[in-house]
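The values are calculated or read from the model by the stated rules, or taken from the named source; none is laboratory data. Predicted, not measured: the structure shown is a model, and the values here were computed from it. Cβ: placed from backbone, ideal geometry, glycine included. Neighbour counts: every protein chain shown.
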Amino acid sequence: MVFIHGESYDWNSGNPYDGSVIASAGNIIVITINFRLGIFGFLPAVEGSSRGNYGIMDQVAALHWIQENIAEFGGDPKNVTIFGHGHGAACVNLLMLTPLTRGNSIFLSYFVLDIY
């Protein structure tokens, strides 16, 4: 299970979140990720040909890495779930919509812990 933190698009990280409670429920590996925030992560591109939203791109890159390497940690690359709360829930929804994940099986299920 991959947790996307959601306190703000401006500050925070995945580091303070302890996944041991979820992991203790069964054979579950809990991963938290970090990604660029603030103007470095979510400043929109000015020109139509420029890319923006590097925070989402970082999340996609992290999911690719997890997909390629989770078996080395005892995980199943065919059973990756992403979840988030607050702004992290919005990121989960954006990951479902972005063309960067279309056609890729970097996660197979998701759920959000907030209404966006």
For region 28-58, enumerate the residues that are polar (S, T, N, Q), out of contact with any helix residue (DSSP H, G or I) (no Cβ under 9 Å at 6 or more places or on another chain) and modelled with pLDDT under 90. SER49, SER50
Could you tell me whether any residue of region 59-72 is on the phi < 0 side of the Ramachandran plot, at pLDDT below 90 and buried (at least 17 other Cβ atoms within 10 Å of the Cβ)? no
Could you tell me whether region 9-22 includes any residue that is crowded, with 17+ Cβ neighbours inside 10 Å and among the hydrophobic types (A, V, I, L, M, F, W, C)? no
List, please: which pairs have Cβ atoms under 9 Å, are six or more places apart or on different chains, and start with a residue in region 77-92 that is under 17 Å from GLY19 (Cβ atoms) and buried (at least 21 other Cβ atoms within 10 Å of the Cβ) and end with one that is among the acidic types (Asp, Glu) and modelled with pLDDT under 90? GLY84/ASP114; GLY88/GLU7; GLY88/ASP114
So which residues in region 9-29 are within 14 Å of the chain's Cα centre (by Cα) and touching a residue at least 40 places away in the same chain (Cβ under 8 Å), if there are any at all? TYR9
